[in-house]
Amino acid sequence: MSTITVTGYKEAQQTLSLPDLTQALYDEGAALMSDVLVNLHGEDHKSRRALEMKVFRRDFFSYYEKEVLPPVVEETLRQFVAEGKGDVVEIGYRAMIGLTADFAGIDRLQRTSEETADLVRLLRVFGNAATVGQFKGTPQETEELKQLIVDGMREFDERFFGPSVARREALLAKFKNGEIGEDALPRDILTLLLRNELNLELPRERILRETAFYFLAGAHTSIHSLSHAMHEIFTLCERNPAERERLEKDVLFLQRCVHESFRLHPSSPVSKRKAVCPMSLPTGDAATTSDTIVIDLYQANRQTEVFGEDAKSFNPYRTKIPSRMPYGITFGVGVHTCLGKNLAAGDLPTPNTDPETHQLGTVTLLARAFLAHGARPDPSQKAEQDLSTERETWLSYPIVFAK
């Protein structure tokens, strides 16, 4: 048993594309992550992905970005702007919670601030399921963290998942009896899983975990990516104040800054895989089924041969970029590419792109809203990083608003 680490950009791309490697990053978070899409392999992954891709059509991303998220962002920001201060992480959670609940299929029956706070709390708890394998605490602290996830799943099931299932099952029964049309059914992951047109083996517990996973995945990584992007943008403006005006006026340049931040700060610094059979890796290493293969995304995305001599620096004017990959391999490669990539990062612009119709991605959209309200780092409070994990994560990023 050994660990094989892949750091080269080309080798990392090729390794992530190999069909005989399975996911190995989320084993410790099994209470939520067991058997969810990101952990499936082969035909199981193919069939589950085929079912869920019915939600993630291109018009889905455009609809949410153009119609759903902007008013939610402005409503969320209103109270913080009125107070003149806030926190990037907290605002990000509150702005994204509605979006991620909606496409996962979790009903918000009360739509009160207290209910929103409870969903944000659960989302934070579920974030541990994706990161517990990179937690730096003691074995006892790790077990306590796992129990927190178990307790969170129980609360999520009783308060949110169960009622959401009941409403959808009633609607599906009406649809089956011809009482309502298909357009009356919710367009979300939970409805697809309950409808299950591919007749997959999906017991209730598996549907619960899959729905919780989408509830988590839709917001967790985007929120932390937003914090990194705002930090890089604030730092850029501090070095050159003239950049602030361009960022506020040129949304395609702002999106380029976000993509550059994605490259430098992947949500997890590494991906981990296991071989299903003995094999030779693109690095030339021989891997057995007992080996752990670590793909170092952080290092691969900073390869000077690929991104230039300043590859470790934030440079939105960078010209040396792999074709169609300004954010490197942050979102993965091949069949395990992140399903929400277009939602978070948007489309890549072309020379003829119209900024008014271009899909920017949720992170750029949130960053634009922050800048429009004059957001700047709070000079009286320092931002704080989470030192309990191997991931590069902001616990808090206090800001003030000038508009």
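Scanning segment 177-200 for residues that are assigned to a loop (DSSP other than H, G, I, E, B), of a type outside the set (S, T, N, Q) and either closer than 21 Å to Phe215 by Cα or in contact with a Ser or Thr (Cβ under 9 Å, 6 or more places away or on another chain) (or both) yields Leu185, Pro186, Arg187, Asp188, Leu198, Leu200. Looking across segment 132-158, the residues that are among the basic types (Lys, Arg) and either closer than 16 Å to Phe213 by Cβ or part of a helix (DSSP H, G or I) (or both) come down to Lys146, Arg154. Annotation note: of Pro316, Pro282, the sole residue that is farther than 26 Å from Met230 by Cβ and modelled with pLDDT of 95 or more is Pro282. Looking across segment 383-403 at every residue that is under 25 Å from the mean Cα position of the chain (by Cα) and of a type in the set (D, E, K, R), the one that is nearest to Thr142 (Cα to Cα) is identified as Glu390. Of all residues in segment 279-295, those that are within 13 Å of Asp20 (Cα to Cα) and free of Cβ contacts under 8 Å to residues at least 12 places away in the same chain have Cβ atoms under 6 Å from Cβ atoms of residues that are of a type in the set (A, V, I, L, M) and in a strand (DSSP E or B), 6 or more apart or on another chain, in Ser280/Ala286. Scan segment 285-292 and tell me whether some residue there is part of a loop (DSSP other than H, G, I, E, B), out of contact with any Phe, Trp or Tyr (no Cβ under 7 Å at 6 or more places or on another chain), of a type in the set (Asp, Glu) and within 25 Å of Phe135 (Cα to Cα). Looking for residues that are part of a loop (DSSP other than H, G, I, E, B), out of contact with any Phe, Trp or Tyr (no Cβ under 7 Å at 6 or more places or on another chain), of a type in the set (Asp, Glu) and within 25 Å of Phe135 (Cα to Cα), one finds at least one in segment 285-292, hence yes.
Only a single item in (1) more than 21 Å from Pro203 (Cβ to Cβ); (2) surrounded by fewer than 19 Cβ atoms within 10 Å (Cβ to Cβ); (3) in contact with a helix residue (DSSP H, G or I) (Cβ under 9 Å, 6 or more places away or on another chain) is not met by Glu65, and it is number (2). Checked against the criterion of being over 21 Å from the mean Cα position of the chain (by Cα) and at pLDDT below 95, the candidates Arg124, Arg111 yield just one match: Arg111. Take Val258 and tell me if it is over 19 Å from Phe61 (Cα atoms), surrounded by 13 or more Cβ atoms within 10 Å (Cβ to Cβ) and of a type in the set (Val, Ile, Thr). No, not satisfied.
Of the residues making up segment 105-131, those that are in a helix (DSSP H, G or I) and of a type in the set (Ser, Thr, Tyr) are Ser113, Thr116, Thr131. Of all residues in segment 223-245, one or more are among the acidic types (Asp, Glu), touching a Cys at 6+ places or on another chain (Cβ under 7 Å) and either within 18 Å of Thr22 (Cα to Cα) or assigned to a helix (DSSP H, G or I) (or both). Within segment 129-141, none of the residues are buried (at least 18 other Cβ atoms within 10 Å of the Cβ), modelled with pLDDT of 95 or more and under 21 Å from Ala30 (Cβ atoms).
Within segment 21-44, the only residue that satisfies the criterion of being among the small types (Gly, Ala, Ser), closer than 22 Å to Met279 by Cα and not in a loop (DSSP other than H, G, I, E, B) is Gly42. Among the candidates Glu11, Glu83, Glu52, Glu114, the residue that is surrounded by fewer than 20 Cβ atoms within 10 Å (Cβ to Cβ) and either within 23 Å of Glu205 (Cβ to Cβ) or of a type in the set (Phe, Trp, Tyr) (or both) is uniquely Glu52.
Summed over segment 272-284, the residues that are in a strand (DSSP E or B) and over 28 Å from the mean Cα position of the chain (by Cα) give a count of 2. Of the set (1) over 17 Å from the mean Cα position of the chain (by Cα); (2) surrounded by 16 or more Cβ atoms within 10 Å (Cβ to Cβ), all apply to Gly374 but (2). Quick one: is Leu216 closer than 25 Å to Val73 by Cβ and either crowded, with 22+ Cβ neighbours inside 10 Å or touching a Gly at 6+ places or on another chain (Cβ under 9 Å) (or both)? Answer is yes for this residue. Residue count for segment 293-320 under the criterion of being in contact with a Phe, Trp or Tyr (Cβ under 8 Å, 6 or more places away or on another chain) and surrounded by fewer than 17 Cβ atoms within 10 Å (Cβ to Cβ): the result is 2. Residues in segment 326-358 that are at pLDDT 90 or above, hydrophobic (A, V, I, L, M, F, W, C) and surrounded by fewer than 19 Cβ atoms within 10 Å (Cβ to Cβ): Leu348 alone.
Just a yes or no: is a residue in segment 384-397 among the acidic types (Asp, Glu), in contact (Cβ under 8 Å) with a residue 12 or more places away in the chain and within 24 Å of Tyr64 (Cβ to Cβ)? Checking segment 384-397: not a single residue is among the acidic types (Asp, Glu), in contact (Cβ under 8 Å) with a residue 12 or more places away in the chain and within 24 Å of Tyr64 (Cβ to Cβ).
The values are calculated or read from the model by the stated rules, or taken from the named source; none is laboratory data. None of these values were measured; they are calculated from a predicted model. Because the Cβ atoms are built from the backbone with ideal geometry, glycine has one as well, and the counts that use them run over all protein chains shown.
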